[in-house]
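The values are calculated or read from the model by the stated rules, or taken from the named source; none is laboratory data. Everything quoted here is computed from the prediction, not taken from an experiment. Glycine also receives a Cβ, built like all others from the backbone with ideal geometry; neighbour counts cover every protein chain displayed.
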Amino acid sequence: MSRPDRVILDEPDAAGALRRTATSHIGLRVPDVAGTAEFYGRVLGLVPQAELPGGGQRLGWGVGHHVVDLLPGPAGLDHIGFEVADPDGLAALEKRLRGAGHAVTELDPAHLDDALPVDGGQPRGLVCTDPDGNTVHFHTAVRRAGEHAADTGRRPIKYQHVTLSTADVPAMVAFYVGVVGFRISDQLADGRFAWLRSNRDHHTLALAGTGRSGGLDHYSYDLAEWEDFKSWCDRLTEQDVDVAWGPGRHGPGNNLFVFFDDPAGNHVELSAEMEKFHDDRVTYTPRRWDPVPTTINLWGGQLASWRRTSEGN
């Protein structure tokens with residue numbers, strides 16, 4: 001079997017400009033808002049924080065920032081959101097986006113009710129679209145009091161990363177790394193998957209070369225540790241939630257994982273023990289992993305029904 005061409009994904013221009021940026025929230029369009037909200041409450045402990053226009057629901061952990069917006073409609077991704085806590089990070093990001101020719105608008109204040117003021121002023125946010133047409137929110141720091149504040153065996157400690165589906169990984173890397181300011185932690189050697197970081201976590205954003213341009217591949221919640229991860233695998237069974245993939249351990253990121261689907265068919269990951277990066281202390285070259293099943297799942301190479309690699313399937 002011939003090996004596909006190897007692709008080195010570049011880290012151009014603004015790579016590494018963001019060092020204190022994390023996921024904050026995600027917007028999902030779902031056919032059944034009430035049923036999906038009940039599921040997220042029962043399984044993940046998310047509770048309603050606000051009603052949204054048109055019958056939507058905003059969910060969080062009761063205090064602090066919101067995590068999920070459920071909006072009525074055919075199943076799909078509505079938006080993703082990032083908290084830019086870097087000093088002067090939002091203003092610098094806006095300058096880079098506009099300088100690269102991207103349209104930027106102000107984020108609706110309704111999305112900023114749990115964001116913190118900047119230098120005594122008002123919270124602020126930006127909206128743009130990425131090369132695949134996904135709507136992206138960037139905003140100032142949010143209140144995170146709801147994280148790390150519950151029984152970790154019954155509730156994740158935070159929303160940790162999002163993975164987008166794309167038909168053009170290099171173009172998406174050029175945007176999120178070269179303009180926005182993420183860095184590449186790891187990639188598959190064929191260039192069909194990239195893991196990007198914007199804080200100490202191995203990745204807060206990943207790009208999956210599925211051949212489908214735009215939309216969500218999966219998104220992930222962080223669990224505290226191995227003991228909690230084991231409890232969660234039992235908890236899913238107790239809640240009659242079928243495991244769609246895992247338990248396993250990824251090569252890139254070295255994190256434990258288990259996947260299930262929400263009622264709208266979104267792939268939801270629970271993860272623990274993700275690798276940390278300390279960019280202020282080391283020089284780091286992104287690793288290029290062989291595009292084989294045992295890279296994606298070190299524990300035997302079992303893949304999800306929706307996941308393929310270019311070698312070894």
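Of note, A17 satisfies the criterion of being out of contact with any Phe, Trp or Tyr (no Cβ under 7 Å at 6 or more places or on another chain), under 30 Å from H278 (Cα atoms), in a loop (DSSP other than H, G, I, E, B) and in contact (Cβ under 8 Å) with a residue 40 or more places away in the chain.
With the requirement that a residue be under 23 Å from F259 (Cα atoms) and not in a strand (DSSP E or B), what does segment 170-207 give you?
Correct list: R192, H202, H203, T204.
All conditions but one from (1) within 30 Å of R288 (Cβ to Cβ); (2) assigned to a loop (DSSP other than H, G, I, E, B); (3) among the β-branched types (V, I, T) apply to I26; the one that does not is (2). Can you tell me which residues in segment 39-70 are part of a strand (DSSP E or B), touching a strand residue (DSSP E or B) at 6+ places or on another chain (Cβ under 6 Å) and not polar (S, T, N, Q)? Answer for segment 39-70, where residues must be part of a strand (DSSP E or B), touching a strand residue (DSSP E or B) at 6+ places or on another chain (Cβ under 6 Å) and not polar (S, T, N, Q): P48, A50, L52, G56, R58, L59, G60, H66, V67, V68, D69, L70.
Between D108, D88, D32, the distinction of being surrounded by 14 or more Cβ atoms within 10 Å (Cβ to Cβ), acidic (D, E) and over 20 Å from H161 (Cβ atoms) belongs to D32 only. What about L126, is it part of a strand (DSSP E or B), within 26 Å of E275 (Cβ to Cβ) and either among the polar types (S, T, N, Q) or at pLDDT 95 or above (or both)? Considered against the rule, which asks whether it is part of a strand (DSSP E or B), within 26 Å of E275 (Cβ to Cβ) and either among the polar types (S, T, N, Q) or at pLDDT 95 or above (or both), L126 comes out as no. Does H65 count as crowded, with 21+ Cβ neighbours inside 10 Å and touching a Ser or Thr at 6+ places or on another chain (Cβ under 7 Å)? In short, yes.
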